[in-house]
Amino acid sequence: MLMNRAETLLVNSPPRRWLQRLYEAPLLARLGGRAPGARAAEIGCGSGYGTRLILDRFGAATVDAVDLDPAMIERARRRLNRYGDRVRLAVGDATDLRTAFDADDGAYDAVFDFGIIHHIPAWRDAVAEVARVLAPGGTFYFEEVTATALARPTYRTLFDHPTKDRFTAGEFLAELPHHGLETGERWRTRIGGDYLLGAARKPPA
């Protein structure tokens, strides 16, 4: 589901980038570790700011980044041009990375979700796709907005989100083991359960 104009402006704003750079990325790195030399994927890359953090802060060697919005992919292409062939961008669906990148099972050492799965009506399919493309021992890094936040007046008024089958923090975490992803102690909630940041690991073969 594409973001509306208000949310597009928000996610591309300096405060959002500040939060992602100074809070979310460091916390995710503490929870899941860095990913030096990793083959990484990002679902819902937007204008590419998160992709840059994956390369510079997490140390990934390459990133395949996908987004539904062609305009966002074009913005990301301009932002990430200096990384050359370390980045591949595609317009596509987070539930089908095989079409976007011909991604085989176990294609990536790390997959990043900077707040996109709550936009996907079939969000369980997105989690399943993350698990499919993760290599054994790979890490899924996630930052998500829960049903608790989406029910608040501000979110309802300003932003568009799927209206059915929204997940709470507990429901999202409970879904991960159904797809072979283990959280252990590697997760935290923030702001009374409105937001969920964490990392899950696919067990080694």
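Residue by residue, here is whether (1) farther than 23 Å from Pro15 by Cα; (2) among the β-branched types (Val, Ile, Thr) holds:
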site: Ile43; (1), (2): no, yes
site: Asp56; (1), (2): no, no
site: Leu68; (1), (2): yes, no
site: Asp102; (1), (2): yes, no
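Taking the criterion of being surrounded by 14 or more Cβ atoms within 10 Å (Cβ to Cβ), of a type in the set (Val, Ile, Thr) and out of contact with any Lys or Arg (no Cβ under 9 Å at 6 or more places or on another chain), would at least one residue in the stretch 51-63 satisfy it?
Narrowing the stretch 51-63 to residues surrounded by 14 or more Cβ atoms within 10 Å (Cβ to Cβ): 51-55, 57-60, 62-63.
Still in the list and also of a type in the set (Val, Ile, Thr): 51, 54, 62-63.
Filter once more, so that each one left must be out of contact with any Lys or Arg (no Cβ under 9 Å at 6 or more places or on another chain): 54.
The answer is yes; a qualifying residue exists.
May I ask you to verify whether Arg30 is charged (D, E, K, R), within 30 Å of Glu182 (Cβ to Cβ) and surrounded by 15 or more Cβ atoms within 10 Å (Cβ to Cβ)? Lay out the reasoning, then the answer.
Details: charged (D, E, K, R): yes; within 30 Å of Glu182 (Cβ to Cβ): yes; surrounded by 15 or more Cβ atoms within 10 Å (Cβ to Cβ): no.
Criteria not met by Arg30.
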Verdict on Thr99 being more than 21 Å from Tyr49 (Cβ to Cβ) and exposed (fewer than 15 other Cβ atoms within 10 Å of the Cβ): yes
Look through the stretch 81-122, keep the residues that are part of a helix (DSSP H, G or I) and under 12 Å from the mean Cα position of the chain (by Cα), and return whichever of them is nearest to Leu181 (Cα to Cα). Ile117
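Report the residue count in the stretch 115-128 for those that are of a type outside the set (Gly, Ala, Ser) and free of Cβ contacts under 8 Å to residues at least 60 places away in the same chain. Explain how you work it out, then say what you get.
Of the residues in the stretch 115-128, the ones of a type outside the set (Gly, Ala, Ser) are 116-121, 123-125, 127.
Okay, now just the ones that are also free of Cβ contacts under 8 Å to residues at least 60 places away in the same chain, so 118, 123-125, 127.
So the answer is 5.
Looking at the stretch 141-154, can you tell me whether even one residue there is within 15 Å of the chain's Cα centre (by Cα), among the small types (Gly, Ala, Ser) and buried (at least 19 other Cβ atoms within 10 Å of the Cβ)? Full working, then the answer.
Residues of the stretch 141-154 within 15 Å of the chain's Cα centre (by Cα): 141-146.
Still in the running and among the small types (Gly, Ala, Ser): none.
No, that holds for no residue.
Please enumerate the residues belonging to the stretch 43-61 that are among the aromatic types (Phe, Trp, Tyr) and farther than 23 Å from Arg132 by Cα. Even if it seems obvious, please write down each step before you answer.
Of the residues in the stretch 43-61, the ones among the aromatic types (Phe, Trp, Tyr) are 49, 58.
Hit for the stretch 43-61 is Tyr49, nothing else.
Going by the conditions given, is Val130 closer than 25 Å to Gly48 by Cβ, surrounded by 14 or more Cβ atoms within 10 Å (Cβ to Cβ) and out of contact with any Gly (no Cβ under 7 Å at 6 or more places or on another chain)? Don't jump to the end; show me each part of the working.
Values: closer than 25 Å to Gly48 by Cβ: yes; surrounded by 14 or more Cβ atoms within 10 Å (Cβ to Cβ): yes; out of contact with any Gly (no Cβ under 7 Å at 6 or more places or on another chain): yes.
Considered against the rule, which asks whether it is closer than 25 Å to Gly48 by Cβ, surrounded by 14 or more Cβ atoms within 10 Å (Cβ to Cβ) and out of contact with any Gly (no Cβ under 7 Å at 6 or more places or on another chain), Val130 comes out as yes.
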In the stretch 187-203, the residues that are in a loop (DSSP other than H, G, I, E, B) and modelled with pLDDT under 70: Ile191, Gly192
List pairs: first residue in the stretch 57-69 and closer than 9 Å to Ile43 by Cα, second residue basic (Lys, Arg) anywhere in the structure, Cβ distance under 6 angstrom, at least six positions apart or on different chains. Asp64/Arg88
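The values are calculated or read from the model by the stated rules, or taken from the named source; none is laboratory data. Values in this document were obtained by computation on a predicted structure and should not be read as measured data. Positions of Cβ are generated from backbone atoms using ideal geometry, with glycine treated the same way; all protein chains shown enter the neighbour counts.
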